[in-house]
Amino acid sequence: KNMAARSKVKLGFDSIAGAKLDAVVVPKGYSAQVLAPWGTPLNDLAQEWQADGSNTAFDQANSLGMHHDGMHYFPLNGSATDGLLCINHEYIDQQALHPAGPTQDSHNLRTIIDEVRKEINAHGVTIVRIKQTNGIWEVVKNDSHNRRFTGATTMDISGPVADKTLLETPFSPAGDKVRGTLNNCGNGYTPWGTYLTCEENWPGYFVNTGTQTADQQRIGIDANNTRYGWDDLTGVRDEIDDEFKRFDITKTGKNASEDYRNEANGHGYIVEIDPYNNQSSAIKRTALGRFRHEGCVFGQVVEGKPIVFYSGHDSRFEYIYKFVSDVDWHAADAKRDDRLAVGAKYMDRGTLYVARFDDNGAGYWLPLTLASKTKNGGTLADTFTDLAGLILNTAGAADLVGATPMDRPEWAAVDPVNGAVYMTLTNNTKRTTETNAANPRLNNSTGHIIRWQEGDDAELFSWDVFVFGAPEDGTAEVNRSGLEALNQFASPDGLAFDARGIMWIQTDNGAPELTEYTNDQMLAVVPSQLTNDSGDLETINSDNQTALKRFFVGPNGAEVTGLAFSPAQTDLFLNIQHPKNWPHSNDATMETPSNKTVRPRAATVIIRKNDGGEIGV
Ligand code: FEO
Ligand code: CA
Ligand code: CA
Ligand code: CA
């Protein structure tokens, strides 16, 4: 493997200072445009977004959802100025969504059906056509590609869990359809032109007040409440069909038409969407495992070799996974029109692995099959009777084989120059007693980025820590990468390479050490250029740390997430999630409900160079 390959790109901007503004900050010579904020109508069915929160659930189903997260740009006819933006909507701010926050009755139960429908419709994914003219991007309203997938959209499901006994519900007695996608956080895309949306904190939307199954206990389905109380519509509960009752998966013992115990089995997956075909269904690809998927990225694509996907489970002490397709890649599949059939070929059959990081920089991908050996000398067949059951409790299976508990795995990115894989480990302040080589800091409030390179065998890899987030004044134990004011960061989360080999790092800052200095940010670095004399990749350290440059700072209260690029590398798309007020300057009429000073709107930001040239150089 030639790790000596280096990107030739040269970062051509000066690292910018941290900022705490209610605005976005970009380097000199760049401009930023706000596009497609929450509530932007996709078509004429929806009313324009109303600053008083009065838009209906129906409006919301035909408009951009809330809390933009992962994102990808799909060109139409290869165009850098005309394409489809796919945007995840991770969760909601109930205060901002409704005129005066969520309506509650005296028992603190939710009473307004349309509010709950609006909340469900504000989740999911948007596909929207956008066009650029003279450097300005616009949403193409009423375009036939425009569509929403919400927490209520009917979807297909495939792979090992596509099994009637696991998915039979009142909604789908045949057990072949599932409803909705929830908490769509990071994303991916495929070499064959489809979008991947990742279901992250879905367990919080379900409740089981009775006896929980092993997988429900392991993933943490709550025994008392759901995140937004959708299961708990007092007074209307019996009149409304399974639209809301489905979130209570307690085994009732009632007749089959009221038994929702399988509802959550349809959640926790990588979901494939063909943005180019507006007649296609989303398909949940269960072979890639069931956990809190943060993102999903494919490894280096090689003709005649399997397709590989990486995905992290974002929770404290959870694991990193990879999926390897059974069949080998054929480049002709990149150009087929039946993209979801290609998806079935590469994503429905394969082997799921979980990572074990050993002390000496060696790593092992532990397969998760029934025959896999467990730590205590048995096999996974001692616990699981079939692959469907194993996938349903992926994290439980990973426990048994001895995977390494990580500091909250978030996004992964693959260097196009040499195939090295990077994954953000955002933070873990609950690591109070036991470190391991790959997660070496106690009370890891600032996070790190781990890197690995695949070995010759599918089960071997080598790894190191590329960079540790830290405040510049952190002790040597904390600031291990020698960061300084112009690149100190915490809580790396969004991560992507562009086609030239620049790696972009976005933060979702939980560390007080850094929030005093700056809002969340995005940095850039070209890792393949950091090599030693023998051509081995280097980590960030006090000798080379200036290679890591701050490119962008977000507005108050927001996390910076979602990364996409136009094919010409002239336009960088990112998302501003959960801003405090922003971008209120666009609309002076946004008056406050309850505790907000203005009604904030997550939105996409498009960054361009003023001269129209390539970003970052
Ligand atoms: Fe939704 Fe792990 O960030
Ligand atoms: Ca994230
Ligand atoms: Ca995060
Ligand atoms: Ca988030």
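The values are calculated or read from the model by the stated rules, or taken from the named source; none is laboratory data. Since this is a predicted model, take the numbers as computed values, not measurements. In this analysis, Cβ positions are derived from the backbone assuming ideal geometry, glycine residues included, and neighbour counts consider all displayed protein chains.
Can you work out which of the residues in region 403-419 that are part of a loop (DSSP other than H, G, I, E, B) and crowded, with 24+ Cβ neighbours inside 10 Å is farthest from ligand 3 (Cβ to nearest atom)?
Step one: list which residues in region 403-419 are part of a loop (DSSP other than H, G, I, E, B), which gives 403-405, 408, 415-419.
Within this subset, residues satisfying the condition of being crowded, with 24+ Cβ neighbours inside 10 Å are 403, 408.
Details: Ala403: 21, Arg408: 7 Å.
Here the residue is Ala403.
Against the conditions (1) touching a His at 6+ places or on another chain (Cβ under 9 Å); (2) of a type outside the set (Gly, Ala, Ser); (3) surrounded by 21 or more Cβ atoms within 10 Å (Cβ to Cβ), where does Ile112 fall short? Just the number, please.
All conditions pass for Ile112, except number (3).
Checking Thr379 against (1) surrounded by fewer than 24 Cβ atoms within 10 Å (Cβ to Cβ); (2) within 24 Å of the chain's Cα centre (by Cα), which test does it fail?
(2)
Name the residue that is farthest from ligand 3 (Cβ to nearest atom), counting only residues in region 560-574 that are among the aliphatic types (A, V, I, L, M) and in contact with a strand residue (DSSP E or B) (Cβ under 9 Å, 6 or more places away or on another chain). Let's see the steps before the verdict.
Quick first cut of region 560-574, residues among the aliphatic types (A, V, I, L, M) only: 560, 563-564, 568, 572, 574.
Filter once more, so that each one left must be in contact with a strand residue (DSSP E or B) (Cβ under 9 Å, 6 or more places away or on another chain): 560, 563-564, 572, 574.
On the way: Val560: 11, Leu563: 14, Ala564: 18, Leu572: 20, Leu574: 14 Å.
Only one residue tops the list, namely Leu572.
Within region 127-136, is even one residue modelled with pLDDT of 95 or more, surrounded by 19 or more Cβ atoms within 10 Å (Cβ to Cβ), in contact with a Ser or Thr (Cβ under 8 Å, 6 or more places away or on another chain) and closer than 25 Å to Thr226 by Cα?
Checking region 127-136: not a single residue is modelled with pLDDT of 95 or more, surrounded by 19 or more Cβ atoms within 10 Å (Cβ to Cβ), in contact with a Ser or Thr (Cβ under 8 Å, 6 or more places away or on another chain) and closer than 25 Å to Thr226 by Cα.
Just one of (1) surrounded by 14 or more Cβ atoms within 10 Å (Cβ to Cβ); (2) more than 16 Å from ligand 2 (Cβ to nearest atom); (3) among the acidic types (Asp, Glu); (4) at pLDDT 95 or above trips up Asp22, so point out which.
(4)
What about Pro600, is it within 25 Å of Val128 (Cβ to Cβ), assigned to a loop (DSSP other than H, G, I, E, B) and modelled with pLDDT of 95 or more? Show your work before the answer.
Numbers: within 25 Å of Val128 (Cβ to Cβ): yes; assigned to a loop (DSSP other than H, G, I, E, B): yes; modelled with pLDDT of 95 or more: no.
For Pro600, the condition - within 25 Å of Val128 (Cβ to Cβ), assigned to a loop (DSSP other than H, G, I, E, B) and modelled with pLDDT of 95 or more - is not met.
Taking Thr150, is it β-branched (Val, Ile, Thr) and surrounded by fewer than 22 Cβ atoms within 10 Å (Cβ to Cβ)?
Details: β-branched (Val, Ile, Thr): yes; surrounded by fewer than 22 Cβ atoms within 10 Å (Cβ to Cβ): no.
Taking the combined requirement at face value, the residue does not satisfy it.
Output the qualifying pairs, or none if there are none: Cβ atoms under 6 angstrom, residues six or more apart or on different chains, first residue in region 133-162 and closer than 18 Å to Ile606 by Cα, second residue among the hydrophobic types (A, V, I, L, M, F, W, C) and not in a loop (DSSP other than H, G, I, E, B).
Here the result reads Trp137/Leu35; Trp137/Ile130; Trp137/Ile606; Val139/Val128; Val139/Ile130, each pair linking region 133-162 to a residue that is among the hydrophobic types (A, V, I, L, M, F, W, C) and not in a loop (DSSP other than H, G, I, E, B).
Looking at the structure I just gave you, is Arg218 away from ligand 1 (no atom under 16 Å from the Cβ), touching a residue at least 60 places away in the same chain (Cβ under 8 Å) and more than 20 Å from the chain's Cα centre (by Cα)?
Details: away from ligand 1 (no atom under 16 Å from the Cβ): yes; touching a residue at least 60 places away in the same chain (Cβ under 8 Å): yes; more than 20 Å from the chain's Cα centre (by Cα): yes.
Here the answer is yes, as Arg218 does meet what is asked.
Sort out for me the helices (runs of 4 or more DSSP H) sitting completely within region 91-177 that have 3 or more residues that are closer than 23 Å to Trp38 by Cβ. It would help to see each step written out before you state the result.
Working: elements: 94-97, 113-121, 164-167.
Per the criteria, 94-97, 113-121.
Kindly indicate whether any position in region 457-471 is within 16 Å of ligand 3 (Cβ to nearest atom), in contact (Cβ under 8 Å) with a residue 40 or more places away in the chain, in a strand (DSSP E or B) and within 22 Å of His293 (Cα to Cα). Steps first, answer last, please.
Of all residues in region 457-471, those within 16 Å of ligand 3 (Cβ to nearest atom) come to 469.
Narrowing the set further to residues that are in contact (Cβ under 8 Å) with a residue 40 or more places away in the chain leaves 469.
Next, from what is left, pick out any that are in a strand (DSSP E or B): none.
Taking every residue of region 457-471 in turn, none turns out to be within 16 Å of ligand 3 (Cβ to nearest atom), in contact (Cβ under 8 Å) with a residue 40 or more places away in the chain, in a strand (DSSP E or B) and within 22 Å of His293 (Cα to Cα).
Read through the list (1) within 16 Å of ligand 1 (Cβ to nearest atom); (2) part of a loop (DSSP other than H, G, I, E, B); (3) in contact with a strand residue (DSSP E or B) (Cβ under 9 Å, 6 or more places away or on another chain), then give the number of the only condition that Cys198 fails.
So the condition that Cys198 fails would be (2).
Can you name the number of the only condition in (1) surrounded by 20 or more Cβ atoms within 10 Å (Cβ to Cβ); (2) in contact (Cβ under 8 Å) with a residue 60 or more places away in the chain; (3) basic (Lys, Arg) that Arg316 fails?
(1)
Name the residues in region 197-228 that are of a type in the set (A, V, I, L, M, F, W, C) and either touching a helix residue (DSSP H, G or I) at 6+ places or on another chain (Cβ under 9 Å) or on the phi > 0 side of the Ramachandran plot (or both), would you? Lay out the reasoning, then the answer.
Our first condition is that a residue be of a type in the set (A, V, I, L, M, F, W, C); within region 197-228, this holds for 198, 202, 206-207, 214, 219, 221, 223.
Trp202, Phe206, Ala214, Ile219, Ile221, listed by residue number.
Test of understanding: among Leu366, Leu425, Leu387, which residue is modelled with pLDDT of 95 or more and touching a Leu at 6+ places or on another chain (Cβ under 8 Å)? Before the answer, list the steps.
Details: Leu366 fails: touching a Leu at 6+ places or on another chain (Cβ under 8 Å); Leu425 fails: touching a Leu at 6+ places or on another chain (Cβ under 8 Å).
None of the other options fit; the residue is Leu387.
Might you let me know whether region 315-331 holds any residue that is more than 18 Å from Asn393 (Cβ to Cβ) and part of a helix (DSSP H, G or I)? Talk me through it step by step, then tell me what you get.
If we filter region 315-331 for residues that are more than 18 Å from Asn393 (Cβ to Cβ), which is where we start, we get 316, 322, 324-331.
Okay, now just the ones that are also part of a helix (DSSP H, G or I), so 331.
For region 315-331, residues more than 18 Å from Asn393 (Cβ to Cβ) and part of a helix (DSSP H, G or I): present.
Just checking, does region 380-402 include any residue being more than 15 Å from Arg290 (Cβ to Cβ) and in a strand (DSSP E or B)?
Checking region 380-402: not a single residue is more than 15 Å from Arg290 (Cβ to Cβ) and in a strand (DSSP E or B).
Take the residues in region 338-359 that are in contact (Cβ under 8 Å) with a residue 24 or more places away in the chain and assigned to a loop (DSSP other than H, G, I, E, B), then tell me which one is farthest from Gln300 (Cα to Cα).
So in region 338-359, the residues in contact (Cβ under 8 Å) with a residue 24 or more places away in the chain come out as 339-340, 342-344, 346-359.
With assigned to a loop (DSSP other than H, G, I, E, B) added as a condition, the list becomes 348-349, 358-359.
On the way: Asp348: 19, Arg349: 19, Asp358: 24, Asp359: 26 Å.
Selected residue: Asp359.
Of the residues Thr446, Thr394, only one is within 16 Å of ligand 2 (Cβ to nearest atom), modelled with pLDDT of 95 or more and more than 29 Å from Ala4 (Cβ to Cβ); which?
Working: Thr394 fails: within 16 Å of ligand 2 (Cβ to nearest atom).
Result of the check over Thr446, Thr394: Thr446.
Restricting to region 429-451, what's the tally of residues that are part of a strand (DSSP E or B) and under 20 Å from the mean Cα position of the chain (by Cα)?
Residues in region 429-451 being part of a strand (DSSP E or B) and under 20 Å from the mean Cα position of the chain (by Cα): 4 in total.
Kindly evaluate Gly554 against the criterion of being within 16 Å of ligand 3 (Cβ to nearest atom), touching a His at 6+ places or on another chain (Cβ under 8 Å), modelled with pLDDT of 95 or more and not charged (D, E, K, R). It would help to see each step written out before you state the result.
Values: within 16 Å of ligand 3 (Cβ to nearest atom): yes; touching a His at 6+ places or on another chain (Cβ under 8 Å): no; modelled with pLDDT of 95 or more: yes; not charged (D, E, K, R): yes.
The answer is no for Gly554.
Assess whether Asn265 counts as being farther than 25 Å from Asp493 by Cβ, more than 16 Å from ligand 3 (Cβ to nearest atom), in contact with a Leu (Cβ under 7 Å, 6 or more places away or on another chain) and not in a strand (DSSP E or B).
Values: farther than 25 Å from Asp493 by Cβ: yes; more than 16 Å from ligand 3 (Cβ to nearest atom): yes; in contact with a Leu (Cβ under 7 Å, 6 or more places away or on another chain): yes; not in a strand (DSSP E or B): yes.
Taking the combined requirement at face value, the residue satisfies it.
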